[in-house]
Structure formats: structure tokens, C-alpha cells
Amino acid sequence: MELIMNYEVLAGIVGGKTAGQTLTDEDLATANIEALISGGSIKPITAKTKKDEAAE
Amino acid sequence: MALTTQLNNNVSVTINSVDLSDQVTSVTINQQFDELETTSMGATAHTFVKGLESSTITLDFLNSYAASEVAATLQAAYGTNVQCVILPVKGTAVSATNPQYTATILVNNLTPVNGAVGDLSTQSITFTCTSTVAVSTTA
């Protein structure tokens, strides 16, 4: 089962999204996500499976 | 033909997907490659061929310590390779007249505290590119 991670933008503009908006792993495919989290730019908010997404 | 000029006041700079444009005061992409000498006996001038690309990107920053701003973004990426994307005119579609430059840079040579009393805290960093500089004219 493949996990899909979502992230909330905490400040600034990250991946073209502003604070409060949501990014996915795909949006951050070329980014160093650990650095974004430790820099306070984003925080992980959910971990969904592809199965969960299909059910929504 | 009319002369086309470019006012350099709206360049978009994104490092590790974080938009730092409003904290950047100067941008310089130096596209270069190693020149490998091939001069041989009988030559009357030095000759060279293209070697590996060794480009650099120099950015002047206004130091700012809030989340998603200069210090936090660079410190978190210190010592790692991250993507840097530069667009001459922010908010305008990538095109032949607004080409997008993308490179992987090694985040190094930080000076997060810099300046004398009364000065604005700034840092000018020349990042070594660890990839070629890709130039895209389509989104």
C-alpha cells in the first residue's frame, strides 16, 4: 500500500502555495522535504493510502 | 527593429521550492564550462574543447530569520543539494521571452549574520551548481 503524504504550508510561499494551503509529495517531488520541515516551511498533516483516496 | 530591454526588478527566485524573491536584491547566473586544452605540437594558438559544466549562481539576500525566509530556508538545506529556479519575470508564463533557469545547487558559504553596526544585514552567496543549468522556454 503506497502512502501519500500531505503537507501544510506554514509560512511564505512553498511550491507556489501560501500559508494554510496543502502540498502533496508530488508537488514537492524535486524538493528536500526534510529541510522544508526543519526550516518551518511546511509540516506533515496526513498520511493517506491510495486505497483511502479512492474511497473519498 | 525596436530595441528590447529588460528591467531587472521582478526576478523570481525559488530555492528548495521556497519563494525567496522578496528577499533577493541581486541575481547572477554564470553559465560556464571547463575549457580543456587540446593544444598540440604545430599549433599556432591555444585550442580548447568544452569540458564539464561548472556554473554558479550568485544571489544577494536581505537577511531574514522568519520561517520560509532566507536564514531558515538556507540553514535547513545547508550542506545539501537543492533545486534553484530562476524566472526573469515573476508571475509571467515561461516562454521564449521569459525563459526559466533551473539548476541544482550545493547550499554552502552561508553568512547568516553579516554586517557592521547600523548596517542592513545581508548576505551575498555564490552557489556552485551541481547540475547543468537547464533553460526552459515552455511551462
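Among the residues of the stretch B:12-48, those identified as under 20 Å from B:Tyr65 (Cα atoms), not aliphatic (A, V, I, L, M) and not in a strand (DSSP E or B) are B:Asn16, B:Ser17, B:Ser21, B:Asp22, B:Gln23.
The set of residues in the stretch B:78-90 that are touching a strand residue (DSSP E or B) at 6+ places or on another chain (Cβ under 7 Å), within 11 Å of chain A (Cβ to nearest Cβ) and under 16 Å from B:Ile57 (Cβ atoms) comprises B:Asn81, B:Val82, B:Gln83, B:Cys84, B:Val85.
Here B:Leu110 meets each of (1) in a loop (DSSP other than H, G, I, E, B); (2) in contact (Cβ under 8 Å) with a residue 60 or more places away in the chain; (3) surrounded by 17 or more Cβ atoms within 10 Å (Cβ to Cβ) with one exception, condition (2). For the stretch B:30-59, a residue qualifies if it is exposed (fewer than 11 other Cβ atoms within 10 Å of the Cβ) and in contact (Cβ under 8 Å) with a residue 60 or more places away in the chain, but none of them does.
For the stretch A:1-22, the set of residues classified as of a type outside the set (Val, Ile, Thr), touching a helix residue (DSSP H, G or I) at 6+ places or on another chain (Cβ under 9 Å), buried (at least 16 other Cβ atoms within 10 Å of the Cβ) and in a strand (DSSP E or B) consists of A:Tyr7 only.
Out of the residues in the stretch A:23-39 that are part of a loop (DSSP other than H, G, I, E, B) and out of contact with any Gly (no Cβ under 9 Å at 6 or more places or on another chain), state the one that is surrounded by the most Cβ atoms within 10 Å (Cβ to Cβ).
Checking each candidate, the answer is A:Gly39.
Considering only residues in the stretch A:21-39 that are within 8 Å of the chain's Cα centre (by Cα) and polar (S, T, N, Q), the one that is nearest to the other protein chains (Cβ to nearest Cβ) turns out to be A:Thr24.
Could you grab me the full set of residues in the stretch B:15-29 that are among the polar types (S, T, N, Q) and without any contact (Cβ under 8 Å) to a residue 40 or more places away in the chain? Across the stretch B:15-29, the qualifying residue is only B:Thr28.
Throughout, read-outs are computed from the coordinates displayed, never taken from laboratory work. Since the structure is predicted, the reported quantities are computational estimates derived from the model, not experimental observations. So basically every Cβ, Gly included, is an ideal-geometry build from the backbone, and we count neighbours across all protein chains shown.
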